[in-house]
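The block underneath contains the structure these notes are about, expressed in structure tokens.
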Amino acid sequence: MITNNLGNPIAGATISDPVLGSTASAADGKYSFYQITTSGTVTLTVSYPNYSFPTLPATVSISSGNQLVNFTGTPTVGLSVVSSVSPDPAWAGSNVVETVIASNAGIGSASDAVVTVPIPASFTLLSASTTRGSCSTATLSVTCDVGGLAPTAYATIRMET
């Protein structure tokens with residue numbers, strides 16, 4: 001049976017073995033292979049988008065036609081960071097604002113997310129702020145602790161130099 005970390009079945013996961021081929025889990029999380037030899041070993045792997053399966057691969061000894069192997073998937077976190085600078089182009093001596101967005105596109109929650117942005121030595125930091133958590137500054141960087149990011153959550157960091 002293929003389940004998530006909460007015990008709910010995962011439908012449509014791919015279970016494969018180099019010899020047996022592959023199959024998909026049903027709506028109840030169960031799967032089966034046909035034409036299994038009566039003895040030998042198989043090496044099963046499971047894949048499903050946005051999940052990791054920490055016990056992979058699983059090597060199973062086949063002693064009869066029926067074996068039960070359970071897999072538990074853990075939702076993955078999909079953190080990304082994008083930034084933009086305004087104005088673009090920036091003119092020498094003018095203020096520049098860099099906006100950084102940290103987001104979670106995964107199905108699992110991120111905890112303790114931290115974003116560190118380097119500041120070029122030729123710039124003077126005027127301000128730094130975030131929509132989540134707090135920012136601290138060092139000589140050549142800004143570090144923002146945005147904390148937990150649930151799926152689809154994001155934090156916007158704004159720095160002016």
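The values are calculated or read from the model by the stated rules, or taken from the named source; none is laboratory data. All of these numbers come straight from a predicted model, not from anything done at the bench. Glycine also receives a Cβ, built like all others from the backbone with ideal geometry; neighbour counts cover every protein chain displayed.
Can you work out which of the residues in region 70-127 that are without any contact (Cβ under 8 Å) to a residue 12 or more places away in the chain and either within 30 Å of THR45 (Cβ to Cβ) or among the aliphatic types (A, V, I, L, M) (or both) is surrounded by the fewest Cβ atoms within 10 Å (Cβ to Cβ)?
Step one: of region 70-127, the residues without any contact (Cβ under 8 Å) to a residue 12 or more places away in the chain are 87-94, 122.
Retained after the next criterion (residues that are either within 30 Å of THR45 (Cβ to Cβ) or among the aliphatic types (A, V, I, L, M) (or both)): 90, 92.
Values: ALA90: 15, ALA92: 5.
Once the filter is applied, the top-ranked residue is ALA92.
Got a number for residues in region 123-161 being touching a Pro at 6+ places or on another chain (Cβ under 9 Å) and of a type in the set (Val, Ile, Thr)?
Initial filter on region 123-161 (touching a Pro at 6+ places or on another chain (Cβ under 9 Å)): 140-142, 151, 161.
Now restrict to residues that are of a type in the set (Val, Ile, Thr): 142, 161.
So the count comes out to 2.
For region 56-69: of the residues being of a type in the set (S, T, N, Q) and out of contact with any strand residue (DSSP E or B) (no Cβ under 7 Å at 6 or more places or on another chain), which is surrounded by the most Cβ atoms within 10 Å (Cβ to Cβ)? Explain how you work it out, then say what you get.
Let us first name the residues in region 56-69 that are of a type in the set (S, T, N, Q), namely 59, 61, 63-64, 66-67.
Keeping just the survivors that are out of contact with any strand residue (DSSP E or B) (no Cβ under 7 Å at 6 or more places or on another chain) gives 63-64, 66.
Details: SER63: 10, SER64: 8, ASN66: 8.
Top of the filtered list is SER63.
Could you run through region 96-123 and say how many residues are under 26 Å from the mean Cα position of the chain (by Cα) and part of a strand (DSSP E or B)?
Looking only at region 96-123, we keep the residues that are under 26 Å from the mean Cα position of the chain (by Cα), and these are 98-118.
Of the ones still in play, those that are also part of a strand (DSSP E or B) are 98-104, 110-118.
Number satisfying all stated conditions: 16.
Can you pull out the residues in region 134-161 that are surrounded by fewer than 18 Cβ atoms within 10 Å (Cβ to Cβ) and either outside any strand (DSSP E or B) or touching a Gly at 6+ places or on another chain (Cβ under 8 Å) (or both)?
Within region 134-161, THR139, LEU140, ASP145, GLY147, ALA150, PRO151, THR152, ALA153 meet the criteria.
Scanning region 28-55 for residues that are modelled with pLDDT of 85 or more, in contact with a strand residue (DSSP E or B) (Cβ under 7 Å, 6 or more places away or on another chain) and over 13 Å from PRO75 (Cα atoms), which turns out surrounded by the fewest Cβ atoms within 10 Å (Cβ to Cβ)?
The first filter runs over region 28-55 and keeps only residues modelled with pLDDT of 85 or more, leaving 28-31, 43-49, 51-53.
After this cut, where a residue has to be in contact with a strand residue (DSSP E or B) (Cβ under 7 Å, 6 or more places away or on another chain) as well, the list is 28-29, 31, 43-48, 51-53.
Then keep just the ones that are over 13 Å from PRO75 (Cα atoms); that gives 28-29, 31, 43-46.
Working: ASP28: 12, GLY29: 19, TYR31: 19, THR43: 14, LEU44: 21, THR45: 15, VAL46: 23.
Checking each candidate, the answer is ASP28.
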